[in-house]
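> First, the structure itself, so that you have it in front of you.
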Amino acid sequence: MQITLKAARVNKGLTQHEAGKAIGVTADTLSNWERGISFPDAKKIKAIEEAYNVSYKDLIFLPR
């Protein structure tokens, strides 16, 4: 099942601030990822998988 980055965060019941702390980025950075303005590097993708309990292959990163 594919899911957007924002939907994965919301499904875990996390705010952008809470998710950012879990991943190791600011809420602004997370917002940019969710809107497709920028994209996480490989290390942050691993942190996203762990924080959201979702596989990278199931995540949808919105295009710019």
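> Got a number for carbon plus sulfur as a percent of the chain's accessible area, 1.4 Å probe? Each step should come with its number before you reach the end.
Values: 2160 of 4110 Å².
Carbon and sulfur atoms account for 53 percent of the accessible area of the chain.
> What is the dipole size for the chain, taken about its Cα centre, with +1 at each Lys and Arg Cβ and -1 at each Asp and Glu Cβ, in debye to the nearest 20?
Working: 10 positive and 7 negative charges, 15 e Å.
For this selection, approximately 80 debye.
> Using protein chains only and a probe of 1.4 angstrom, how many square angstrom of T15 are accessible, to the nearest 10?
70 Å²
> What does the accessible area per residue of the chain come to in Å², with a 1.4 Å probe and no ligands, DNA or RNA counted?
Numbers: 4110 Å² over 64 residues.
With all protein chains present, the chain gives 64 Å² per residue.
> Can you give me the long-range amide H partners of I3? Hydrogens built in the peptide plane at 1.01 Å from N, cutoff under 5 Å, separation of 5 or more residues or another chain.
L59, I60
> So, in nm, how far is label N53 from label K21 when the simple model puts each one 7 Å beyond its Cα toward the Cβ?
1.9 nm
> Report, ordered by chain and residue number, the lysines lying within cross-link reach of K57, taken as a straight Cα distance under 22 Å and ignoring same-chain residues fewer than 8 apart.
Within the straight-line cut-off, K57 pairs with K6, K12, K43, K44, K46.
> Output the Cα-based Rg and Dmax of the chain in Å, rounding Rg to one decimal and Dmax to a whole number.
Using the Cα atoms of the chain, the pair Rg, Dmax is 10.2, 27 Å.
> Once you keep just the Cα pairs under 8 angstrom separated by 6 or more residues, what percentage relative contact order results for the chain? Before the final figure, lay out each step's value.
Working: 68 pairs, mean separation 28.3, N = 64.
Result for the chain is 44 percent.
The values are calculated or read from the model by the stated rules, or taken from the named source; none is laboratory data. Note that this is a predicted model, so its numbers are computed, not measured. Every residue, glycine as well, gets a Cβ built from its backbone with ideal geometry; the counts of neighbours run over all protein chains shown. Surface areas here come from the heavy atoms of the whole protein model, side chains and all, with no ligands, DNA or RNA. Shrake-Rupley method; radii C 1.70, N 1.55, O 1.52, S 1.80 Å.
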